[in-house]
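The values are calculated or read from the model by the stated rules, or taken from the named source; none is laboratory data. Note that the structure is a prediction, hence the values are computed from the model and not measured. Glycine also receives a Cβ, built like all others from the backbone with ideal geometry; neighbour counts cover every protein chain displayed.
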Amino acid sequence: YYNSRRSLAIREMSVKDNLVLFEDDCGQLRKMGPRILVTGGAGYIGSHACKALAGAGFVPVTYDNLSHGHESAVRWGPFECGDLANAAQLDEVIERHRPVAVMHFAAFIEARESIINPAKYYENNLNSMLGLLAAMRRGGIDRIVFSSTAAVYGIPEKVPIDEGHPLLPISAYGSSKLMCERILEDYVAAYGLRAISLRYFNAAGADPGGDIGESHEPETHLIPIVLEAAAGRRPFVVIYGDQYETRDGTCIRDYVHVNDLADAHLLALHRLELGSGAHVYNLGQGSGFTVREVIKAAQRVTGRPIATRVQNPRSGDPPVLLADARRAIRDLGWHPLRGDLDVQIADAWKWAQMQLERQERAERIAP
(Lines give C-alpha, C1' and ligand atoms only; values in the text may rest on other atoms or scores of the structure.)
Protein backbone atom coordinates (compact mmCIF):
# COMPACT_ATOMS: atom_id res chain seq x y z
CA TYR A 1 0.00 0.00 0.00
CA TYR A 2 2.86 2.35 0.81
CA ASN A 3 5.94 2.79 -1.32
CA SER A 4 8.43 0.10 -0.41
CA ARG A 5 11.23 2.67 -0.10
CA ARG A 6 9.77 4.11 3.11
CA SER A 7 12.05 3.47 6.09
CA LEU A 8 9.06 2.61 8.28
CA ALA A 9 6.92 -0.27 7.04
CA ILE A 10 3.33 0.57 7.89
CA ARG A 11 0.10 -1.13 7.06
CA GLU A 12 -3.30 0.47 6.93
CA MET A 13 -5.57 -0.99 9.59
CA SER A 14 -8.78 1.01 9.37
CA VAL A 15 -10.29 4.30 8.27
CA LYS A 16 -12.50 6.25 10.68
CA ASP A 17 -13.70 9.84 10.65
CA ASN A 18 -11.19 10.70 7.92
CA LEU A 19 -8.26 9.67 10.13
CA VAL A 20 -6.00 6.75 9.25
CA LEU A 21 -4.86 4.21 11.84
CA PHE A 22 -1.58 2.38 11.16
CA GLU A 23 0.35 -0.37 12.90
CA ASP A 24 4.10 0.23 12.86
CA ASP A 25 6.85 -2.41 13.09
CA CYS A 26 6.63 -2.37 16.89
CA GLY A 27 2.92 -3.19 16.80
CA GLN A 28 1.91 0.28 17.95
CA LEU A 29 -1.14 1.96 16.42
CA ARG A 30 -0.40 5.38 15.00
CA LYS A 31 -2.94 7.96 13.91
CA MET A 32 -2.39 10.28 11.00
CA GLY A 33 -4.55 13.16 9.93
CA PRO A 34 -6.64 14.04 6.89
CA ARG A 35 -5.57 12.93 3.46
CA ILE A 36 -4.74 15.35 0.66
CA LEU A 37 -4.81 14.22 -2.96
CA VAL A 38 -1.63 15.46 -4.64
CA THR A 39 -1.72 15.22 -8.42
CA GLY A 40 1.79 15.24 -9.83
CA GLY A 41 3.15 14.35 -6.41
CA ALA A 42 6.01 12.38 -7.97
CA GLY A 43 7.38 15.54 -9.60
CA TYR A 44 9.80 18.19 -8.39
CA ILE A 45 7.59 20.62 -6.47
CA GLY A 46 4.83 18.11 -5.81
CA SER A 47 7.14 15.69 -3.98
CA HIS A 48 8.44 18.49 -1.74
CA ALA A 49 4.85 19.47 -0.98
CA CYS A 50 4.15 15.84 -0.03
CA LYS A 51 7.02 15.85 2.45
CA ALA A 52 5.77 19.13 3.93
CA LEU A 53 2.24 17.75 4.20
CA ALA A 54 3.44 14.64 6.03
CA GLY A 55 5.48 16.79 8.37
CA ALA A 56 2.36 18.78 9.19
CA GLY A 57 0.36 15.64 10.04
CA PHE A 58 -1.45 15.10 6.75
CA VAL A 59 -1.38 11.99 4.58
CA PRO A 60 -0.42 12.98 1.02
CA VAL A 61 -1.92 10.64 -1.56
CA THR A 62 0.13 10.96 -4.74
CA TYR A 63 -1.73 10.50 -8.02
CA ASP A 64 0.75 10.56 -10.90
CA ASN A 65 1.12 8.85 -14.26
CA LEU A 66 4.94 9.07 -14.04
CA SER A 67 5.22 10.65 -17.49
CA HIS A 68 7.65 13.12 -15.93
CA GLY A 69 7.66 12.18 -12.24
CA HIS A 70 9.66 9.54 -10.39
CA GLU A 71 8.22 6.82 -8.17
CA SER A 72 11.33 7.06 -5.99
CA ALA A 73 10.18 10.56 -4.97
CA VAL A 74 6.96 9.19 -3.44
CA ARG A 75 8.09 8.53 0.12
CA TRP A 76 5.59 10.12 2.49
CA GLY A 77 2.25 8.55 1.63
CA PRO A 78 0.35 6.22 -0.69
CA PHE A 79 1.15 6.18 -4.39
CA GLU A 80 -1.57 5.72 -7.00
CA CYS A 81 -0.25 5.42 -10.54
CA GLY A 82 -2.91 6.85 -12.81
CA ASP A 83 -3.88 9.48 -15.32
CA LEU A 84 -6.33 12.31 -14.68
CA ALA A 85 -8.03 11.36 -17.95
CA ASN A 86 -9.08 8.06 -16.35
CA ALA A 87 -12.28 9.15 -14.60
CA ALA A 88 -13.14 5.69 -13.26
CA GLN A 89 -9.73 5.22 -11.63
CA LEU A 90 -9.74 8.74 -10.22
CA ASP A 91 -13.21 8.19 -8.71
CA GLU A 92 -12.07 4.92 -7.17
CA VAL A 93 -8.98 6.53 -5.63
CA ILE A 94 -11.06 9.37 -4.18
CA GLU A 95 -13.63 6.95 -2.80
CA ARG A 96 -10.96 4.77 -1.18
CA HIS A 97 -8.83 7.55 0.32
CA ARG A 98 -11.52 10.18 0.91
CA PRO A 99 -9.21 13.23 0.66
CA VAL A 100 -10.45 16.50 2.13
CA ALA A 101 -8.62 18.69 -0.38
CA VAL A 102 -6.50 18.59 -3.53
CA MET A 103 -3.12 20.04 -4.47
CA HIS A 104 -2.91 20.05 -8.26
CA PHE A 105 0.62 20.00 -9.71
CA ALA A 106 0.16 17.66 -12.67
CA ALA A 107 0.81 19.51 -15.94
CA PHE A 108 3.19 19.90 -18.84
CA ILE A 109 5.44 22.84 -17.99
CA GLU A 110 7.99 23.55 -20.77
CA ALA A 111 7.12 26.99 -22.14
CA ARG A 112 9.31 26.77 -25.24
CA GLU A 113 7.98 23.36 -26.23
CA SER A 114 4.45 24.71 -25.81
CA ILE A 115 5.11 27.34 -28.48
CA ILE A 116 6.09 24.61 -30.95
CA ASN A 117 3.35 22.16 -29.90
CA PRO A 118 0.51 24.13 -28.28
CA ALA A 119 -2.04 21.34 -28.79
CA LYS A 120 -0.12 19.09 -26.38
CA TYR A 121 -0.35 21.72 -23.64
CA TYR A 122 -3.96 22.77 -24.12
CA GLU A 123 -5.19 19.18 -24.37
CA ASN A 124 -3.28 17.94 -21.34
CA ASN A 125 -3.39 20.90 -18.96
CA LEU A 126 -7.00 21.91 -19.57
CA ASN A 127 -8.43 18.39 -19.79
CA SER A 128 -6.56 17.39 -16.64
CA MET A 129 -8.03 20.33 -14.74
CA LEU A 130 -11.56 19.69 -16.01
CA GLY A 131 -11.37 15.96 -15.28
CA LEU A 132 -10.02 16.60 -11.79
CA LEU A 133 -12.70 19.17 -10.98
CA ALA A 134 -15.43 16.81 -12.19
CA ALA A 135 -14.06 14.06 -9.95
CA MET A 136 -13.86 16.47 -7.02
CA ARG A 137 -17.51 17.39 -7.47
CA ARG A 138 -18.53 13.74 -7.63
CA GLY A 139 -16.45 13.03 -4.53
CA GLY A 140 -17.64 16.04 -2.53
CA ILE A 141 -14.21 17.75 -2.32
CA ASP A 142 -14.46 21.53 -2.24
CA ARG A 143 -10.87 22.77 -1.74
CA ILE A 144 -8.01 22.97 -4.24
CA VAL A 145 -4.56 24.58 -4.28
CA PHE A 146 -3.43 25.00 -7.87
CA SER A 147 0.16 25.15 -9.11
CA SER A 148 0.17 28.11 -11.49
CA THR A 149 3.03 30.18 -12.90
CA ALA A 150 4.42 33.64 -13.49
CA ALA A 151 4.18 32.78 -17.20
CA VAL A 152 0.58 34.04 -17.05
CA TYR A 153 1.99 37.59 -17.08
CA GLY A 154 4.00 37.38 -20.30
CA ILE A 155 6.46 40.21 -20.96
CA PRO A 156 6.28 42.43 -17.85
CA GLU A 157 5.24 46.04 -18.17
CA LYS A 158 6.81 46.76 -14.79
CA VAL A 159 8.85 44.98 -12.14
CA PRO A 160 8.38 43.73 -9.56
CA ILE A 161 5.20 42.10 -10.85
CA ASP A 162 2.13 42.11 -8.60
CA GLU A 163 -1.06 40.12 -9.04
CA GLY A 164 -2.79 43.08 -10.69
CA HIS A 165 -0.32 43.12 -13.58
CA PRO A 166 -1.94 42.56 -17.03
CA LEU A 167 -2.26 38.87 -17.89
CA LEU A 168 -0.77 38.51 -21.38
CA PRO A 169 0.98 35.12 -21.64
CA ILE A 170 3.20 34.55 -24.66
CA SER A 171 3.26 30.73 -24.61
CA ALA A 172 0.62 28.02 -24.70
CA TYR A 173 1.96 26.88 -21.34
CA GLY A 174 1.24 30.25 -19.74
CA SER A 175 -2.11 30.52 -21.54
CA SER A 176 -3.17 27.05 -20.40
CA LYS A 177 -2.37 27.89 -16.78
CA LEU A 178 -4.30 31.15 -17.03
CA MET A 179 -7.28 29.31 -18.50
CA CYS A 180 -7.13 26.89 -15.57
CA GLU A 181 -7.19 29.83 -13.15
CA ARG A 182 -10.28 31.18 -14.89
CA ILE A 183 -11.96 27.78 -14.81
CA LEU A 184 -11.40 27.74 -11.06
CA GLU A 185 -12.94 31.20 -10.72
CA ASP A 186 -16.06 30.03 -12.58
CA TYR A 187 -16.34 26.86 -10.49
CA VAL A 188 -16.00 28.90 -7.32
CA ALA A 189 -18.84 31.17 -8.44
CA ALA A 190 -21.10 28.37 -9.66
CA TYR A 191 -20.41 25.42 -7.34
CA GLY A 192 -19.01 26.84 -4.11
CA LEU A 193 -15.50 25.56 -4.73
CA ARG A 194 -12.70 27.15 -2.69
CA ALA A 195 -9.51 27.69 -4.68
CA ILE A 196 -6.08 29.27 -4.43
CA SER A 197 -3.73 29.60 -7.41
CA LEU A 198 -0.04 30.04 -6.60
CA ARG A 199 1.98 31.77 -9.32
CA TYR A 200 5.57 30.59 -8.97
CA PHE A 201 8.51 32.48 -10.32
CA ASN A 202 11.72 30.36 -10.57
CA ALA A 203 11.71 27.30 -8.32
CA ALA A 204 15.19 26.33 -7.16
CA GLY A 205 17.07 24.15 -4.69
CA ALA A 206 16.20 20.79 -3.22
CA ASP A 207 15.28 19.21 0.07
CA PRO A 208 18.19 20.09 2.41
CA GLY A 209 18.36 16.50 3.62
CA GLY A 210 18.96 15.26 0.08
CA ASP A 211 15.84 13.06 0.04
CA ILE A 212 14.37 14.60 -3.12
CA GLY A 213 15.28 17.21 -5.68
CA GLU A 214 14.95 18.40 -9.26
CA SER A 215 15.29 15.83 -12.04
CA HIS A 216 13.98 16.55 -15.53
CA GLU A 217 14.84 14.85 -18.79
CA PRO A 218 15.92 16.80 -20.69
CA GLU A 219 16.86 19.48 -18.17
CA THR A 220 15.91 23.04 -19.13
CA HIS A 221 16.26 24.97 -15.86
CA LEU A 222 19.36 27.07 -15.27
CA ILE A 223 20.60 25.91 -11.86
CA PRO A 224 20.50 22.15 -12.61
CA ILE A 225 22.14 22.83 -16.00
CA VAL A 226 24.91 24.81 -14.31
CA LEU A 227 25.44 22.01 -11.79
CA GLU A 228 25.56 19.42 -14.57
CA ALA A 229 28.42 21.44 -16.06
CA ALA A 230 30.12 21.58 -12.65
CA ALA A 231 29.80 17.79 -12.38
CA GLY A 232 31.31 17.27 -15.83
CA ARG A 233 28.06 16.00 -17.33
CA ARG A 234 27.93 18.78 -19.94
CA PRO A 235 30.86 20.70 -21.44
CA PHE A 236 29.57 24.24 -20.93
CA VAL A 237 26.59 26.42 -20.03
CA VAL A 238 24.96 28.44 -22.78
CA ILE A 239 24.23 32.07 -21.90
CA TYR A 240 21.46 33.36 -24.14
CA GLY A 241 22.36 37.00 -24.61
CA ASP A 242 24.76 39.23 -22.67
CA GLN A 243 23.67 42.66 -23.88
CA TYR A 244 20.51 43.15 -21.82
CA GLU A 245 20.10 46.33 -19.80
CA THR A 246 21.02 44.62 -16.54
CA ARG A 247 24.03 44.91 -14.24
CA ASP A 248 26.13 42.41 -16.21
CA GLY A 249 24.17 42.15 -19.46
CA THR A 250 22.46 38.82 -18.68
CA CYS A 251 18.86 38.14 -17.66
CA ILE A 252 17.73 38.51 -14.05
CA ARG A 253 15.38 35.96 -12.51
CA ASP A 254 13.70 35.62 -9.11
CA TYR A 255 14.67 32.27 -7.52
CA VAL A 256 12.56 30.82 -4.71
CA HIS A 257 13.53 27.69 -2.80
CA VAL A 258 11.31 24.69 -3.44
CA ASN A 259 10.85 24.16 0.32
CA ASP A 260 9.52 27.71 0.60
CA LEU A 261 7.07 26.88 -2.20
CA ALA A 262 6.00 23.76 -0.31
CA ASP A 263 5.42 25.85 2.82
CA ALA A 264 3.24 28.22 0.79
CA HIS A 265 1.03 25.30 -0.24
CA LEU A 266 0.47 24.35 3.38
CA LEU A 267 -0.42 27.94 4.24
CA ALA A 268 -2.78 28.10 1.26
CA LEU A 269 -4.48 24.92 2.42
CA HIS A 270 -5.00 26.48 5.84
CA ARG A 271 -6.32 29.66 4.23
CA LEU A 272 -8.95 27.62 2.39
CA GLU A 273 -10.13 26.14 5.68
CA LEU A 274 -10.90 29.64 6.93
CA GLY A 275 -12.56 31.28 3.94
CA SER A 276 -14.20 30.94 0.56
CA GLY A 277 -13.61 32.32 -2.92
CA ALA A 278 -10.88 32.17 -5.55
CA HIS A 279 -7.53 33.76 -4.74
CA VAL A 280 -4.19 34.17 -6.53
CA TYR A 281 -0.76 34.77 -5.00
CA ASN A 282 2.70 35.38 -6.40
CA LEU A 283 5.54 33.39 -4.87
CA GLY A 284 9.02 34.88 -5.22
CA GLN A 285 11.73 36.72 -3.34
CA GLY A 286 11.21 40.14 -4.92
CA SER A 287 14.92 40.26 -5.79
CA GLY A 288 16.89 38.36 -8.36
CA PHE A 289 20.19 37.21 -9.80
CA THR A 290 21.68 37.37 -13.26
CA VAL A 291 22.71 34.30 -15.22
CA ARG A 292 26.36 35.12 -14.64
CA GLU A 293 25.74 35.57 -10.90
CA VAL A 294 24.16 32.12 -10.74
CA ILE A 295 27.17 30.61 -12.50
CA LYS A 296 29.61 32.37 -10.16
CA ALA A 297 27.63 31.21 -7.12
CA ALA A 298 27.74 27.63 -8.41
CA GLN A 299 31.51 27.89 -8.80
CA ARG A 300 31.76 29.12 -5.19
CA VAL A 301 29.57 26.33 -3.84
CA THR A 302 31.04 23.46 -5.83
CA GLY A 303 34.63 24.67 -6.01
CA ARG A 304 34.70 23.69 -9.67
CA PRO A 305 35.19 25.69 -12.88
CA ILE A 306 32.18 26.09 -15.18
CA ALA A 307 32.73 26.93 -18.84
CA THR A 308 30.25 29.18 -20.66
CA ARG A 309 29.36 30.13 -24.20
CA VAL A 310 27.32 33.15 -25.22
CA GLN A 311 24.69 32.71 -27.91
CA ASN A 312 22.03 34.98 -29.34
CA PRO A 313 19.12 35.94 -27.04
CA ARG A 314 16.00 33.81 -27.23
CA SER A 315 12.86 35.57 -28.40
CA GLY A 316 10.42 36.26 -25.61
CA ASP A 317 13.01 36.29 -22.82
CA PRO A 318 12.39 39.46 -20.77
CA PRO A 319 15.49 41.08 -19.24
CA VAL A 320 14.08 41.03 -15.70
CA LEU A 321 11.40 38.98 -13.92
CA LEU A 322 10.82 39.77 -10.24
CA ALA A 323 7.85 38.95 -8.02
CA ASP A 324 5.92 41.24 -5.74
CA ALA A 325 4.84 38.66 -3.14
CA ARG A 326 3.48 41.07 -0.53
CA ARG A 327 -0.03 39.68 -0.88
CA ALA A 328 1.13 36.15 0.03
CA ILE A 329 3.11 37.55 2.95
CA ARG A 330 0.07 39.50 4.18
CA ASP A 331 -2.73 37.00 3.57
CA LEU A 332 -0.98 33.65 3.99
CA GLY A 333 1.72 34.61 6.48
CA TRP A 334 4.30 33.27 4.03
CA HIS A 335 7.93 34.18 4.61
CA PRO A 336 10.57 32.53 2.39
CA LEU A 337 13.37 31.26 4.60
CA ARG A 338 15.92 29.98 2.09
CA GLY A 339 16.36 32.98 -0.17
CA ASP A 340 20.16 32.97 -0.21
CA LEU A 341 21.33 31.87 -3.66
CA ASP A 342 24.32 29.97 -2.31
CA VAL A 343 22.00 28.00 0.00
CA GLN A 344 19.68 27.14 -2.89
CA ILE A 345 22.58 25.99 -5.03
CA ALA A 346 24.20 24.07 -2.15
CA ASP A 347 20.97 22.14 -1.54
CA ALA A 348 20.65 21.37 -5.26
CA TRP A 349 24.33 20.32 -5.43
CA LYS A 350 23.93 17.99 -2.44
CA TRP A 351 20.96 16.34 -4.13
CA ALA A 352 22.85 16.01 -7.44
CA GLN A 353 25.85 14.43 -5.73
CA MET A 354 23.69 11.99 -3.77
CA GLN A 355 21.89 11.01 -6.97
CA LEU A 356 25.20 10.31 -8.65
CA GLU A 357 26.34 8.21 -5.68
CA ARG A 358 23.09 6.20 -5.77
CA GLN A 359 23.53 5.54 -9.48
CA GLU A 360 27.12 4.41 -9.00
CA ARG A 361 26.10 2.05 -6.17
CA ALA A 362 23.31 0.60 -8.30
CA GLU A 363 25.73 0.03 -11.16
CA ARG A 364 28.18 -1.78 -8.85
CA ILE A 365 25.42 -4.02 -7.46
CA ALA A 366 23.86 -4.82 -10.84
CA PRO A 367 24.84 -8.25 -12.24
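Couple of notes before you dig in:
- Filtered residues of region 296-332 (kept if charged (D, E, K, R), touching a helix residue (DSSP H, G or I) at 6+ places or on another chain (Cβ under 9 Å) and either under 27 Å from T149 (Cα atoms) or touching a residue at least 60 places away in the same chain (Cβ under 8 Å) (or both)): R304, R314, D331
- Subset of region 180-223 that is touching a Pro at 6+ places or on another chain (Cβ under 9 Å) and over 23 Å from L267 (Cα atoms) - its residue that is surrounded by the most Cβ atoms within 10 Å (Cβ to Cβ): S215
- Number of residues in region 230-282 that are in a strand (DSSP E or B) and more than 21 Å from I212 (Cα to Cα) equals 12.
- V343 vs. criteria within 24 Å of the chain's Cα centre (by Cα), at pLDDT 95 or above and surrounded by 19 or more Cβ atoms within 10 Å (Cβ to Cβ): no
- Meets criteria (hydrophobic (A, V, I, L, M, F, W, C) and over 20 Å from D211 (Cβ atoms)) for L53: no
- The residues of region 188-207 that are touching a helix residue (DSSP H, G or I) at 6+ places or on another chain (Cβ under 6 Å) and over 25 Å from I252 (Cα atoms), listed by number, are L193, R194, A195, I196.
- Odd one out for E163 among (1) without any contact (Cβ under 8 Å) to a residue 60 or more places away in the chain; (2) surrounded by 16 or more Cβ atoms within 10 Å (Cβ to Cβ); (3) within 25 Å of S287 (Cα to Cα): (1)
- Residue selected from region 251-276 under the condition among the hydrophobic types (A, V, I, L, M, F, W, C) and within 25 Å of G241 (Cβ to Cβ), by the criterion farthest from the chain's Cα centre (by Cα): C251
- Answer residue from region 277-291, given it is among the hydroxyl-bearing types (S, T, Y) and more than 16 Å from the chain's Cα centre (by Cα) and is surrounded by the most Cβ atoms within 10 Å (Cβ to Cβ) among those: T290
- Qualifying position, being in a helix (DSSP H, G or I) and either at pLDDT 95 or above or surrounded by fewer than 17 Cβ atoms within 10 Å (Cβ to Cβ) (or both), among K177, K158: K177
- Single unsatisfied condition, A172 versus (1) of a type in the set (G, A, S); (2) modelled with pLDDT under 95; (3) more than 16 Å from the chain's Cα centre (by Cα): (2)
- Among the numbered conditions (1) part of a loop (DSSP other than H, G, I, E, B); (2) crowded, with 17+ Cβ neighbours inside 10 Å; (3) of a type outside the set (G, A, S), the only one that V226 does not meet is (1).
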